[in-house]
1. If R0 is 30 Å, what FRET efficiency do you get for K256 and D213 from their C-beta distance, rounded to 0.05?
2. Size of the dipole of the chain about the Cα centre, Lys and Arg at +1 and Asp and Glu at -1 on the beta carbon, nothing else charged, in debye to 20?
3. Whole Å is fine, so just give me how far the alpha carbon centre of the stretch 110-141 lies from that of the stretch 66-95.
4. Would you please state which residues of the stretch 40-57 a label at R137 would reach in this model, taking the label point 7 Å out along Cα→Cβ and a backbone N cut-off of under 16 Å?
5. Rounded to the nearest 0.05, what FRET efficiency is calculated for A245 and Y125 with R0 set to 45 Å and r the Cβ-Cβ distance?
6. Which whole-number percent gives the relative contact order of the chain, counting Cα pairs below 8 Å spaced six or more residues apart?
7. Spelling out what I want: for every residue of the stretch 221-232, take phi, set θ = phi - 60°, compute 6.51 cos²θ - 1.76 cosθ + 1.60 (Karplus), and round to whole Hz; glycine and proline get x.
8. Taking R0 as 35 Å, what FRET efficiency do you get between I286 and R63 from their Cβ-Cβ distance, rounded to the nearest 0.05?
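Derivation of every value follows stated rules applied to the coordinates shown; laboratory data play no part. Just so you know, these numbers come straight off a predicted model, no measurement behind them. Cβ sites come from the backbone with ideal geometry, for glycine too, and all protein chains shown count toward neighbours.
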Amino acid sequence: MTTTVPATPVLRTAFQRSVAAYWNDNQQDPVNLRLGDVDGLYHHHYGLGDYDPSVLEGPQETRDQRIIEELHRLETAQADVLLDHLGAIAPTDRLMDAGSGRGGTSIMANQRFGCQVDGVTISEYQVGFANEQAKRRQVADQVRFHFRNMLDTGFDTGSRRAIWTNETTMYVDLFELYAEFSRLLEHGGRYVCITGCYNDVTGGRSKAVSRIDEHYTCNIHPRSEYFKALTANNLVPINVVDLTAQTIPYWELRAKCSVATGIEDPFLTAYREGSFHYLLIAADRI
Ligand code: GPP
Ligand code: MG
């Protein structure tokens with residue numbers, strides 16, 4: 001398969017350069033590496049489902065590690081929920097992970113479907129880290145990570161059976177993003193998004209949502225923006241799932257752990273006050 005290398009540079013704007021710098025240099029919070037070290041699947045997303053309260057009991061010396069393992073289990077469960085919504089995928093299909101981080105969701109997709117996966121990220125550090133993981137697992141010929149911009153990937157038109165974004169859309173303009181996904185997906189191809197979005201019903205960006213934006217250098221979109229941008233690009237929702245209630249336990253547990261980063265309270269406040277949702281959207285390309 002031929003792949004056109006994008007004519008424009010990967011990082012087009014000062015904002016994109018600052019986001020890339022954040023993900024290249026932001027290694028000071030141990031949370032993602034400590035969780036990934038549990039079994040070698042490194043995630044950059046949050047968790048879903050109830051935690052086992054027994055992790056909080058038992059010997060004090062091992063309590064923190066028990067919590068870390070439980071948080072990791074919930075993050076892997078989140079990626080499984082995302083993959084559940086991709087529909088039937090054959091080993092000959094090609095998938096794309098837009099904003100692939102350290103590679104966890106892509107590697108899980110390959111394990112589940114046995115097909116080729118391309119991850120794209122604007123962090124060269126993440127490209128290197130994720131490709132190393134694929135090599136260690138001996139799937140580097142099937143799972144490849146690229147230093148590319150998800151707004152302009154250079155992959156062939158109609159080459160993708162499915163694409164997902166696992167908590168990455170808050171870094172980009174959704175109309176530009178879905179124009180590119182619409183180009184890449186075959187007819188009937190599936191797009192799955194898990195995201196945090198603010199609630200149009202409660203009004204504008206709440207203080208807690210602004211604190212999350214500030215923490216990650218991102219720009220959380222209102223819920224309505226997703227549906228406008230999907231519709232404008234021939235992507236028709238088939239499933240919309242409000243995951244908010246299922247992600248709150250993850251944040252409650254994370255707040256009790258040594259690797260808490262300080263962003264736990266804004267998430268809990270935003271979700272509980274209803275100014276913010278954790279949402280899954282699956283849409284088909286027509
Ligand atoms: C980071 O995951 C996720 C984002 C930057 C996107 C923001 C998500 C929203 C739902 C608003 P991470 O695993 O790198 O974050 P942390 O280091 O806090 O665990
Ligand atoms: Mg994390």
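1. 0.75
2. The calculated dipole for the chain is roughly 560 debye.
3. 15
4. 40-45
5. The formula returns an efficiency of 0.85 here.
6. With pairs under 8 Å counted, the relative contact order is 21 percent.
7. 8, x, 3, 4, 4, 4, 6, 5, 6, 5, 4, 5
8. FRET efficiency, I286 to R63: 0.10.
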